[in-house]
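The values are calculated or read from the model by the stated rules, or taken from the named source; none is laboratory data. None of these values were measured; they are calculated from a predicted model. Here the Cβ positions follow ideal geometry from the backbone for every residue, glycine too, while neighbour counts run over all protein chains shown.
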Amino acid sequence: MRVPVEWLNEYVKLEAPVEEVADLLTMAGLEVEEIDHLTAVEVARLGGVPDAKDDRILMTKVTPNRGDWLSMLGVAREISAVTGWKLKTPKPIAKGTAPATESLIKISITAPDLCPRYAGIVIRNVVIKESPDWLKNRLIRAGMRPINNIVDITNYVMLEYGQPLHAFDYDLLTGKEIIVRRAREGETITTIDEIERKLSADTLVIADSNRAVAVAGVMGGSESEVGPNTKNIMLESANFNAVSIRRTSKLLSLVTESSYRFERGVDPGITDEAAKRAAELMQELADGEISQGIVDVFPGKSEPRVIFVRPERVNWLLGTNLDVKKMTACLEALQFSTKLAGGGIEVTVPTFRPDVEQEVDVIEEIARIYGYENLGVTLPSAAVEGKDSREGLFTQRLRGILMACGMQEVLTHSLIDPQSVQISGLLEESLAIRNPLSEDTSRLRTALAPNLLHVISRNRSVGQKDISIFEIGKVYHWLEVGAPTEHRSLAVAMTGSQWSCAWNLDKDALNADFYLAKGALERIFDCLHVSGVVFEPIQHPMLHPTRAARIVVNGTELGVLGEVSSEVLDKLDIRGRVYVFEIDVDRLMILTPEAVGYKPLPRFPAVYRHLAVVVKQEVPYAEVKRLVVESGGEIIEDVELLDVYTGTQIKEDERNLTLSIIFRSSERTLTDEEVAGVLEAIKASLVKEFGVTFRG
Amino acid sequence: MTEFDRITDLEKEASSRIASAGSTRELDELEVEYLGRKGKVTQLLRAIGELSAEDRPAYGARVNQSKGTIEGLISERRAQVVQEEAKKRFKAETLDVTLPGRFYNVGQPHVLVQTMAEVKRIFTGLGYQFVESPEVERYRYNFEALNYPEEHPAMDEQMSFYVTDEYLLRTQTTAVQARVMEKQKPPLRICTLGKCYRYDAVDATHSHTFHQVDCFAVDEHITMADLKGTLVKFCQEMFGEDIRVRFRPDFFPFVEPGAEIAISISGGRWLELGGAGMIHTNVLRNCGIDPEKYTGFAFGLGIDRMPMIKHGIDNLRLFMEDDLRFLRQF
């Protein structure tokens, strides 16, 4: 809210510099975001008359619980509470000269649940004209546009008291009657902004005997609007249910100064006083005659709230050692009345503080006035041992392995474009946002890899060629039962070389390829001691049809690995080849053993034999290796691949696999004859099963 | 020419050849040629039979002396040649030490992950347990259990992305509170961190996605002073001792009293870091914890702000754009 300093001084004379007052308010919970000011030129441009008064304006940010701070008096009250400076409030009496109000207007409330109080007063024979300069200038500084004296007065009193008011043209009210009722289904009203609005049965309206004349608490109707020819005014000052006004405001997509205040709670104790204040101003500034007495229908009248506060509870929660006198002084400053009773304090809450509902709310009030800065600074005793979550620790371990593999970590958005979801082919499984900001943030990602491709694309566009990146993050899916689910995923994308500076080295040999990506993936499994990993060729919408694998561990599908298809790369405008893998981190965590079984170091020497196997192209390496291990028996320690050759020295449909077979026994030193015998057995099996030949 | 003169001649010849030998290999050959089993010096001894008996001892001694002399010359020359050869080799192997070293890129954690790791280090050190909590959250945990009244203006600050009527993207990591308190009873020292989402367009200081850490403690006697102490400690660890921490009243439905935390580094302007307060008695009660017996504090801090403050980053978008030139700076 804009709080003009000149105006504020009418209620509480500021005895300190404005900056200091702003700081005091901020520290009491009413944040002053800045101190603005309007120059004479600006005031004139907005229809005011420049004057020599203080032109500074406190720009406050009001928390949603403190509707009372949306008024000059509310701000003045807070300043007075924290400083002790004297508060001066208007004391309107609105002495009537016209006939009794009751004789001029009949008021009834048929929806008392939505309207706890409605007060009306009639001002006759007003002269519609411009407001005086001082009033116009105050409105302008407070951010409102002057219209005419009657409308300006309703706005002025709303800013002053926080009580929204509405002036009807009395002569346009059919039946000289006000009925506060729910709208009829399908009922419409044209509001003063000349928009016809359809109302629902939940909407509270102000009606005359004929039709709705205002959307209660939101906006008046144009048919009964005050105009240049208006003679008589029916002034409304009412209290409406906050939730009802909020619903209506949302339904109509219409937020007004009035609805904004009602949503945040308006003091039901000032309904009549605000009406009197406005009536007096109309008498003074529009030559009006006030009707005698106010028609005040108050079905929601209730006793003020009394809360019992235990002083020891105050000190317990705040960690203070305040005495009861200090506590009551804080509360009295805020116009809460206090009485010592039953070993505690009976606190009567003023009607302008509906947010104070229970003991703890009163404790906050004491803390506010005592000052948060005066509370102690201690540490709670340690209760449990601090530690990261299992998932957090595992993720950290994974991150370490990936960084050692030369990968840079990235973080990408979970809210993405449906087209990006489609890259990995899981659009139907993806979660859609019902109310997205835009199409390109309307889905939750089902995989990380498409995002990494976007990162590569963006980095390529700024000249980065060699990119190896990873992300560990959540992905989201629909479960078949119709509930959303999420799990952690890891994706890696590589293109170009991981070498930053490699002059004179063979550049082509350094570039990422399928096997370099696979190597990084296998390092992860090795470091985590996950064994039994199987790679099976698959078809995947994102990947090259003959360069893609599914990763399976002991029957659990963990993810995919492959070269990104050129179609996908074309769409993202990426040239060159890109290799990716993505695995389910939650599943990997479950597969990771807690402890590593220790293997004693070998006591006997190993024997190495090379074997060059010429085998049909279609026989997978994994099959050859499996057969070597199986037919070699227990003295095979490991089989390593040294080389793969295809070319002119062998048939076109064949390739040569050069293996290094490592033999070792845990019980004895192997003899040459023994190893030779086993090697022959291996060769025989290979010939028998795959029809291989041997070279060299 | 006497037999003795022949020795002298041989010595002279050997001496000059040794002196001109340029490699250890040449010296090895000369050693064989003169001192080997069939070498020239050995052959001189064969001539001993042609000498008179009285000359023989002197001749033998002279040959041995000569052998020693040649040996000495060779080893002396060998030492020189080894040095010369080494010098030559070193010269040939000279490297330009100013050429750049070859290296492959070392990966780094994302700057926000570095911050999160720091946050975790500090809070685990203070005795907090980190837990995981879903991002696609139930309305109930995000709002209802946190004492948000239905149709309240407080909801305006928490504009949410909805997936269904029941599920939304969490607007605050605070959603973890009821999840934990429904299952675990005090004493509690809990933290969680991660992505949160609010209906907010992206610009230099706003985003629909941001990161938060939420921390809460529930015990028999947790006070507001404990809340202040914990936050001051955190801020000092994160930003250094030269920091001021400001607490002022603020409103969040799930705390009462509520506070805003702001920091000022080296006397600079106040920067808001997050919201805090004593866990609202309604929240405790909703989770089956007796607010008469237990009290607690809670706070939520924006993580993205921390590296922005620390490294002077002025644009929030940089974090998720993942420009490698940016990420490699940290």
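Brief remarks follow.
- Helices (runs of 4 or more DSSP H) enclosed by region A:579-696 - at least 2 residues per element that are under 30 Å from A:Arg445 (Cα atoms) and under 60 Å from the mean Cα position of the chain (by Cα): A:585-591
- Of all residues in region A:442-459, one or more are over 30 Å from B:Lys120 (Cβ atoms) and among the polar types (S, T, N, Q).
- Single match in B:Asp314, B:Asp304, B:Asp323 (criterion: surrounded by fewer than 18 Cβ atoms within 10 Å (Cβ to Cβ), touching a residue at least 40 places away in the same chain (Cβ under 8 Å) and either more than 22 Å from B:Ala217 (Cα to Cα) or touching a Phe, Trp or Tyr at 6+ places or on another chain (Cβ under 8 Å) (or both)): B:Asp314
- Residue in region A:361-372 that is nearest to A:Ala329 (Cα to Cα), counting only those that are of a type in the set (Asp, Glu) and within 7 Å of another protein chain (Cβ to nearest Cβ): A:Glu364
- Answer residue from region B:210-267, given it is buried (at least 18 other Cβ atoms within 10 Å of the Cβ) and hydroxyl-bearing (Ser, Thr, Tyr) and is nearest to the chain's Cα centre (by Cα) among those: B:Thr230
- Evaluating A:Leu398 against the criteria (1) crowded, with 18+ Cβ neighbours inside 10 Å; (2) over 22 Å from B:Asp250 (Cα atoms); (3) not assigned by TED's automatic domain parsing to the domain that holds A:Leu521 leaves one unmet condition, (3).
- Scan of region A:155-172 for residues that are farther than 22 Å from A:Leu114 by Cα and in contact with a Ser or Thr (Cβ under 9 Å, 6 or more places away or on another chain), ordered by number: A:Tyr156, A:Val157, A:Leu159, A:Glu160, A:Asp169, A:Tyr170, A:Asp171, A:Leu172
- Only residues that are within 25 Å of A:Arg261 (Cα to Cα) and in contact with a strand residue (DSSP E or B) (Cβ under 9 Å, 6 or more places away or on another chain) were counted across region A:336-359, and they come to 7.
- Among strands (runs of 3 or more DSSP E) entirely within region A:491-575, having at least 1 residues that are more than 39 Å from the chain's Cα centre (by Cα) and modelled with pLDDT of 95 or more singles out A:533-537, A:543-553.
- Search result, residues across region A:478-492 that are buried (at least 20 other Cβ atoms within 10 Å of the Cβ) and away from every other protein chain (no Cβ under 11 Å): A:Ser489, A:Leu490, A:Ala491
- Residue in region A:501-514 that is nearest to A:Gly400 (Cα to Cα), counting only those that are within 10 Å of another protein chain (Cβ to nearest Cβ) and surrounded by 15 or more Cβ atoms within 10 Å (Cβ to Cβ): A:Leu510
- Being within 16 Å of A:Val180 (Cα to Cα) and touching an Asp or Glu at 6+ places or on another chain (Cβ under 8 Å) is true of A:Ser244.
- Every condition in (1) over 40 Å from the mean Cα position of the chain (by Cα); (2) polar (S, T, N, Q); (3) assigned to a helix (DSSP H, G or I) is met by A:Ser259 except one, and the failing one is (1).
- Hits in region A:374-397 (condition: over 29 Å from the mean Cα position of the chain (by Cα) and touching a residue at least 60 places away in the same chain (Cβ under 8 Å)): A:Arg397
- Listed by first and then second residue, the pairs linking a residue in region A:294-321 that is within 17 Å of A:Pro350 (Cβ to Cβ) to a residue that is aliphatic (A, V, I, L, M) and in a helix (DSSP H, G or I), with Cβ atoms under 8 Å apart and 6 or more places separating them unless they lie on different chains, are A:Ile307/A:Val362; A:Val309/A:Met327; A:Val309/A:Val362; A:Val309/A:Ile363.
- All conditions in (1) more than 7 Å from chain B (Cβ to nearest Cβ); (2) assigned to a loop (DSSP other than H, G, I, E, B); (3) out of contact with any strand residue (DSSP E or B) (no Cβ under 9 Å at 6 or more places or on another chain) hold for A:Ser381, with the sole exception of (3).
- A:Pro64 being farther than 25 Å from A:Glu10 by Cβ and part of a loop (DSSP other than H, G, I, E, B): yes
One line per residue, one yes/no per condition, for (1) among the acidic types (Asp, Glu); (2) in contact with a helix residue (DSSP H, G or I) (Cβ under 8 Å, 6 or more places away or on another chain); (3) assigned to a helix (DSSP H, G or I):
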| position | (1), (2), (3) |
| --- | --- |
| B:Asp214 | yes, yes, no |
| B:Leu227 | no, no, yes |
| B:Thr230 | no, no, yes |
| B:Phe234 | no, yes, yes |
| B:Pro257 | no, yes, no |
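- Taking first residues from region B:37-52 that are over 15 Å from B:Thr8 (Cα atoms) and outside the structural domain of B:Ile70 (by TED's automatic domain parsing) and partners that are at pLDDT 85 or above and surrounded by 10 or more Cβ atoms within 10 Å (Cβ to Cβ), no Cβ contact under 7 Å between residues at least 6 apart in sequence or on separate chains turns up.
- If the condition is being among the acidic types (Asp, Glu) and loosely packed, with under 15 Cβ neighbours inside 10 Å, then region A:546-566 contributes only A:Glu557.
- Residue tally, condition more than 10 Å from chain A (Cβ to nearest Cβ) and either modelled with pLDDT of 95 or more or in contact with a Cys (Cβ under 8 Å, 6 or more places away or on another chain) (or both), over region B:202-228: 6
- Matching strands (runs of 3 or more DSSP E) fully within region B:96-201 where at least 3 residues are within 11 Å of chain A (Cβ to nearest Cβ) and within 38 Å of the chain's Cα centre (by Cα): B:188-197
- Criterion violated by A:Leu334 - all others in (1) more than 14 Å from every other protein chain (Cβ to nearest Cβ); (2) farther than 29 Å from B:Asp219 by Cβ satisfied: (1)
- Residues in region A:456-477 that are in a helix (DSSP H, G or I), farther than 21 Å from A:Asp513 by Cβ and more than 9 Å from every other protein chain (Cβ to nearest Cβ): A:Ser461 only.
- Any hit, region A:410-428, residues being facing chain B (nearest Cβ under 7 Å), of a type in the set (Ser, Thr, Tyr), under 23 Å from B:Asp323 (Cα atoms) and surrounded by fewer than 20 Cβ atoms within 10 Å (Cβ to Cβ): no
- Condition check for A:Leu437: within 11 Å of chain B (Cβ to nearest Cβ) and either aliphatic (A, V, I, L, M) or outside any loop (DSSP other than H, G, I, E, B) (or both): yes
- Scan region A:517-546 for residues that are farther than 22 Å from A:Ala404 by Cβ and acidic (Asp, Glu) and the total you get is 1.
- Hey, A:Lys325 away from chain B (no Cβ under 13 Å), surrounded by fewer than 16 Cβ atoms within 10 Å (Cβ to Cβ), at pLDDT 95 or above and in a helix (DSSP H, G or I) or not: yes
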